[in-house]
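The values are calculated or read from the model by the stated rules, or taken from the named source; none is laboratory data. Because the structure is predicted, anything quoted here is derived from the model rather than measured. Here the Cβ positions follow ideal geometry from the backbone for every residue, glycine too, while neighbour counts run over all protein chains shown.
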Amino acid sequence: MAESEADTPSTPIEFESKYFEFDGVRLPPFCRGKMAEIANFSLRSSDIWIVTYPKSGTSLLQEVVYLVSQGADPDEIGLMNIDEQLPVLEYPQPGLDIIQELTSPRLIKSHLPYRFLPTAMHNGESKVIYMARNPKDLVVSYYQFHRSLRTMSYRGTFQEFCRRFMNDKLGYGSWFEHVQEFWEHRMDSNVLFLKYEDMYKDLGTLVGQLARFLGVSCDKAQLETMVESCNQLIEQCCNSEALSICRGEVLSICRRERGGGLRERGR
């Protein structure tokens, strides 16, 4: 699979470095030159992986997973730099060599599509938790993220950004394909497929799924305590205000772009 240069984003200063394409998927520049090493990354049976398309509730999920897997106190987690406990596989820091040497059980995150993740994962090694999010909310969060970072400096309109999202012109490629790949593996014994919205609709069921998947033994009372602790985390971490911004605009844009968009490509 060869790497190739891709066009820069719509505004000249959106990125100083170009995206690049790998096996037909647009990836951030820091993934360049790492893909073979990532494919050969050694896994351990005790590894816990959190995989999402960007802005799918990764930060919240990692805290819930950490609480359930480690039995941590939510107030304790609030004082921690949880990102240091759960490095991102493809990010420049801390780097693949350091992640490889972390003590078990390792908790690792990634935004890469299923097919680019370590080959051993495809063979059932390690546990993988995947979370999908409603794309109407995701694209709002992704837009705000692009505008907030100095390195991205996105200054295009929200309508332009939505078109980029629906035409696979953002980092990590198509949301539709990203979710579809994991959906097709949702019955694999080492994969747990979750939905972001269920953390609000049915947190008890979601926490129970996580506990069973991670092999955490708990009785009913312990599960209820765990759910309440996770609920505290959600209240601490989430800012629901962002979800309402531009929501109606997203819907209208999706309808206008329907020929190449959500309805025809929905999974």
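Before moving on, here are some points about what is shown:
- Those residues of the stretch 86-126 which are over 15 Å from Leu43 (Cβ atoms), surrounded by 21 or more Cβ atoms within 10 Å (Cβ to Cβ) and in contact with an Asp or Glu (Cβ under 7 Å, 6 or more places away or on another chain), in sequence order: Pro113
- Test: residue in the stretch 128-139 that is assigned to a loop (DSSP other than H, G, I, E, B), under 30 Å from Gly215 (Cα atoms) and within 14 Å of the chain's Cα centre (by Cα): yes
- Some residue of the stretch 145-162 being under 17 Å from Leu61 (Cβ atoms) and either of a type in the set (Gly, Ala, Ser) or buried (at least 18 other Cβ atoms within 10 Å of the Cβ) (or both): no
- With respect to the conditions (1) under 24 Å from Arg32 (Cα atoms); (2) polar (S, T, N, Q); (3) modelled with pLDDT of 90 or more, Asn134 falls short on a single one, namely (1).
- Flag for Glu224 being surrounded by fewer than 21 Cβ atoms within 10 Å (Cβ to Cβ), touching a helix residue (DSSP H, G or I) at 6+ places or on another chain (Cβ under 6 Å) and outside any loop (DSSP other than H, G, I, E, B): no
- Tally, over the stretch 172-194, of residues that are on the phi > 0 side of the Ramachandran plot and either of a type in the set (Lys, Arg) or surrounded by fewer than 16 Cβ atoms within 10 Å (Cβ to Cβ) (or both): 0
Residue-wise test of (1) touching a strand residue (DSSP E or B) at 6+ places or on another chain (Cβ under 7 Å); (2) more than 17 Å from Arg133 (Cα to Cα); (3) modelled with pLDDT of 90 or more.
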position: Gln180; (1), (2), (3): no, no, yes
position: Asn190; (1), (2), (3): yes, yes, yes
position: Glu197; (1), (2), (3): no, no, yes
position: Gly208; (1), (2), (3): no, yes, yes
